[in-house]
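**Student:** Questions regarding the structure given below will be posed in turn.
The values are calculated or read from the model by the stated rules, or taken from the named source; none is laboratory data. This is a predicted model, so every value here is computed, not measured. Note that we place each Cβ from the backbone using ideal geometry, even for glycine, and neighbour counts take in every protein chain shown.
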Amino acid sequence: MLGDQISTDQNATDRPWLNSDAEPLIRIRGVTKKFGEFVAVNNVDLDIHQGELFCLLGGSGCGKTTLLRMLAGFEVPTSGQILIDGNDMSDVPPYERPTNMMFQNYALFPHMSVEKNIAFGLQQDKLPKDEIEDRIHAILKLVELQDYKKRKPQQLSGGQRQRVALARALVKEPKLLLLDEPLGALDKKLREQTQFELANIQDQVGITFVVVTHDQEEAMTLSTRIAVMDKGEFIQIGSPTEIYEFPENRFVADFIGSANILEGQIVEDSADHVQVLTDIGELNIEHSQPVQKGAQVWVALRPEKIHLSAEAPSEPQPNQSKGIVEDIGYLGNSSIYKIRLESGRIIDVTAPNQIRPKSRSHGITWEDTVYLTWDPSSVMLLNK
Amino acid sequence: MSMETLPKQSGLIPDGIVSRILRQLQSGWRSIVIAVPFVWLFLFFLAPFFIVAKISLAELAISSPPFSKMIEWTDGTIMTIRVVFDNFAYIFDDPLYARTYINSLKISIISTFFCLLIGYPMAYGIVRSGPVAKRLLLFSIILPFWTSFLLRVYAWMGLLADQGTINGFLISMGIIDEPIRMLYTEFAVYIGIVYTYLPFMILPLYANMEKLDATLNEAAADLGSGPINTFFKITLPLTMPGIIAGSLLVFIPATGEYVIPDLLGGGNVQMIGRLLYNEFARNIDWPVACAVAIVLLMLLVLPMAIYQHYQGKASEGVTGE
Ligand SMILES: Nc1ncnc2c1ncn2[C@@H]1O[C@H](COP(=O)(O)OP(=O)(O)O)[C@@H](O)[C@H]1O
Ligand SMILES: [Mg+2]
C-alpha cells in the first residue's frame, strides 16, 4: 500500500512523461526536415516535459543536430509543428525564442572576454547593469570560472571553453537549453567527470535540457530519457534502463551497449514464458506478451548477463550452453571472453575481475572448456 | 655553419662525411632562404629610397643627372659633403603643395570610404554564396586585371565624356537636354579610383570574412540579438582586420595616383602624383620631385604603421580559434 503511494508520487515528479495530464514543455508534432530530396528528419513526434534532461542519441548523420537546430529556430521544418510552452514556434526567429543553445564548437565570441561573452545575452534583454553583474558572478561561480573572467576564449583550455559556453547559455535562464555534443571536444577523463557536473548543474538550475550525443555512455549517465535515432527517425524513446534492458528491436539492442543477437523460432508459448529455438540451443524466455508460435524472432543476450564457469552445472537446464574460450580481452576491471559454441557461433561474455589473480595462469584461460548459464529473465525478445 | 662545431672524426667514415655535407648544404639553403627577402627589400625598397632621399637633399644643376653631387673630393684628399634643405623649404613655403597634399588625402580618404561601402557587402555576399557562385564571383572580381589598367581608364573617358555613352543615353531617353559635365571633374576622379581599387578592398575583406565562423552569428541570434545588432557587435569587430588591410591597400596607392587624376580629372583636379610628374618631367627639377616623394612617403608611413599594428593583432586574436 505505502509502496504504491510512494511510487506514484515519484512518477508524478521524477517522471513527468508518465503523467498524461501534465502539459509538456515541448511538443514536436510530425516534424520533417528535407534538404533538397534528402530527408534529414522524418516525421517525428515527441513531448518533452519541464525539468527533463532529454538525450537525442544516434550515430553520426542521423539528424540529431538538425532536430536541435529546428528547436532553436536555425532550421525551418519542411512540415510539422513545434510548440514550446504551448506557443507555436513556426514564425518565431531564433532571437525571440525562449531557448538557448550550446553549440558543438562552442561558438564563443573570440573578440570578447569570458565575462563579455556571458554578458552578451543579458545585454540583449536590456537588464540593469547591477543585475547583469550579479548574474555573471553567480554563473561563473556555478561553473567555477571566477578567476578567468578577463580571459579571451583562445586563452582557455577546451574544458574551460566548454564551461564558458554552458555559462553563456545558462545565464539567460531559458525555458529550454539545447546542447549539441556538449562534451564532444573533451578527452575521456574530463568528459566522464563533466557528465556528472552537467547533470548536477541541470538539477540545480531546474532548466529543461535537450542534449545531442552520439556517445551512448554519456546519454545513459546524463539523461532522464533517451530518444534513439536512426536515419532521421526515432527508434525507441525511454529511460536509460528501459532502453538498455528492454530494447524493442535489434537496432537498439545492438546500438546501446553490446549484445549477442540471435535469430530463432518460437516453439512454445505459455502464459509467462516462451521457448525459442536458436543455434545456441533452446532458450526459455520470460515474456508475458502473446507471440505467434512458429514465428521467426530475434533475441538478444547481454554479455554481462551470462555466467561463466569452468564446472558443468549440476543439472541440465534450458538456459545453458557449453563452449571453448577462443579469445580473452582483458580490460582491467573486467574481461571479455569470446566463447566458441559447439554450433560454431561465437558468444561474447563479460565477467568482472573481482578477485585479483595470484598468478598469470589463474582462472579461465584460452582453449578452456566453459559452461554458460543465464537467467530466463535476461534474454530479450526483440521485434523485427 | 663552421667546421669546428662538428665533432672531429678520425678516419674515413663515409656515412659521417655524407651527412656532414648534407648538413652543410642544408644550413646553406636555410641562410639563402632567409636572405632572399632581405636582398629583395634592400635592392627594391631601401636602396631606391636612399637614392631618392639623397637627390632630395641636392641642388638643381645643369648637368647630367640634373643635380649637384652630395660628396665631392678636392685634390683627392679633402672631402666635402653638401646637403641642402631648400627643396623641403620650398615645398613647405609654397601653399600649392600643401593644398595638393591635402586634396590628395581628401580624394584618397573619400574614395577609400566608398570602396569600403561597396566592397564590404560584396565581399560578404561572395562569402555567403554557394561554392560555384563563389568561384565565379571571385573570378569576375579579378577579371578586370586581365585588361590593361590604362585601357580601362580610357574606357571611362569614353563613358563620362560630354559626347560620351552616358550623356548620349540620357539625352536620347529625353531625361536631360544638355550633357552633364562629368569628365574632367573631381567626380570622374572618384569614379576612376573607386572602380580601379575596388578589388583591393574586396579581396582582403573576402579573405578575412571567409575565416569567420558562421555559427558566431547563430550564437548571437540565439542569445537574443537581432541581425543589425549582431552585425555591429560581432561581424564588424571581427572583420576589422580585413577592413583595415583593404582600406590601406586602397588608400596608399590612391594618394599617389597619377594616371587617373591626369586622364579623368584633366587640369581641374590637383593630386600630388601629377605635381610630382610635372616637377620631374616638365620642370626637370629632380631634387624638388624627390622631396615631394619623400614628404608623401612620410605621410603614408603613418597608416602603414597602423596597418602593421593591426596585422599583428589580427594574427594573435581573431584567427586563433
Ligand atoms: N544545411 C544542410 N544541407 C544539406 N544537408 C544537410 C544540412 N545539414 C545537415 N544535412 C544532412 O542531414 C543529415 C543529418 O545531419 P545532422 O543533423 O547534422 O546529423 P547528426 O546526427 O550527426 O547531428 C546529414 O546527412 C547531413 O549531411
Ligand atoms: Mg551533429
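**Student:** With A:309, A:343 as the choices, which residue is out of contact with any Asp or Glu (no Cβ under 7 Å at 6 or more places or on another chain) and among the small types (Gly, Ala, Ser)?
**Tutor:** On inspection, the qualifying residue turns out to be A:309.
**Student:** Something else now. Identify all residues within the range A:40-53 that are in a strand (DSSP E or B), closer than 20 Å to residue A:215 by Cα and away from ligand 2 (no atom under 16 Å from the Cβ); write none if there are none.
**Tutor:** A:53
**Student:** Can you say whether residue B:244 is at pLDDT below 95 and either under 16 Å from the mean Cα position of the chain (by Cα) or not β-branched (Val, Ile, Thr) (or both), as far as the supplied structure shows?
**Tutor:** When the stated conditions are applied, residue B:244 passes them.
**Student:** So which residues in the range A:44-87 are of a type in the set (D, E, K, R) and away from ligand 1 (no atom under 13 Å from the Cβ), if there are any at all?
**Tutor:** A:45, A:47, A:52, A:85
**Student:** Condition first: within 26 Å of residue B:312 (Cβ to Cβ), among the polar types (S, T, N, Q) and touching a Cys at 6+ places or on another chain (Cβ under 9 Å). Can you find one or more residues in the range B:201-208 that meet it?
**Tutor:** Of all residues in the range B:201-208, those within 26 Å of residue B:312 (Cβ to Cβ) come to B:201-208.
Okay, now just the ones that are also among the polar types (S, T, N, Q), so B:208.
With the extra rule that they be touching a Cys at 6+ places or on another chain (Cβ under 9 Å), the set shrinks to none.
No, the range B:201-208 contains no residue that is within 26 Å of residue B:312 (Cβ to Cβ), among the polar types (S, T, N, Q) and touching a Cys at 6+ places or on another chain (Cβ under 9 Å).
**Student:** How many of the residues in the range A:99-127 are more than 10 Å from chain B (Cβ to nearest Cβ) and at pLDDT below 95?
**Tutor:** Summing the residues that are more than 10 Å from chain B (Cβ to nearest Cβ) and at pLDDT below 95 in the range A:99-127 gives 1.
**Student:** For the range B:200-240, enumerate the residues that are within 12 Å of chain A (Cβ to nearest Cβ), touching a residue at least 12 places away in the same chain (Cβ under 8 Å) and hydroxyl-bearing (Ser, Thr, Tyr).
**Tutor:** B:230, B:235, B:239
**Student:** Given (1) part of a loop (DSSP other than H, G, I, E, B); (2) touching a helix residue (DSSP H, G or I) at 6+ places or on another chain (Cβ under 9 Å), identify the lone condition not met by residue A:294.
**Tutor:** Of everything listed in (1) part of a loop (DSSP other than H, G, I, E, B); (2) touching a helix residue (DSSP H, G or I) at 6+ places or on another chain (Cβ under 9 Å), residue A:294 misses just condition (2).
**Student:** Which of the residues belonging to the range A:152-207 are among the basic types (Lys, Arg) and either at pLDDT 90 or above or part of a loop (DSSP other than H, G, I, E, B) (or both)?
**Tutor:** Of everything in the range A:152-207, those that are among the basic types (Lys, Arg) and either at pLDDT 90 or above or part of a loop (DSSP other than H, G, I, E, B) (or both) turn out to be A:152, A:161, A:163, A:168, A:172, A:175.
**Student:** Tell me, which residue of the range A:80-112 that is in contact with a Phe, Trp or Tyr (Cβ under 9 Å, 6 or more places away or on another chain) and in a loop (DSSP other than H, G, I, E, B) is nearest to ligand 2 (Cβ to nearest atom)?
**Tutor:** Of everything passing the filter in the range A:80-112, A:109 is nearest to ligand 2 (Cβ to nearest atom).
**Student:** Condition check: out of contact with any Leu (no Cβ under 6 Å at 6 or more places or on another chain), in a helix (DSSP H, G or I) and within 24 Å of residue B:229 (Cβ to Cβ). Does residue A:131 satisfy that?
**Tutor:** When the stated conditions are applied, residue A:131 passes them.
**Student:** Here are A:183, A:170: which of them is buried (at least 20 other Cβ atoms within 10 Å of the Cβ), away from every other protein chain (no Cβ under 13 Å) and either within 32 Å of the chain's Cα centre (by Cα) or closer than 23 Å to residue A:54 by Cα (or both)? Talk me through it step by step, then tell me what you get.
**Tutor:** Values: A:170 fails: away from every other protein chain (no Cβ under 13 Å).
Only one candidate passes the filter, namely A:183.
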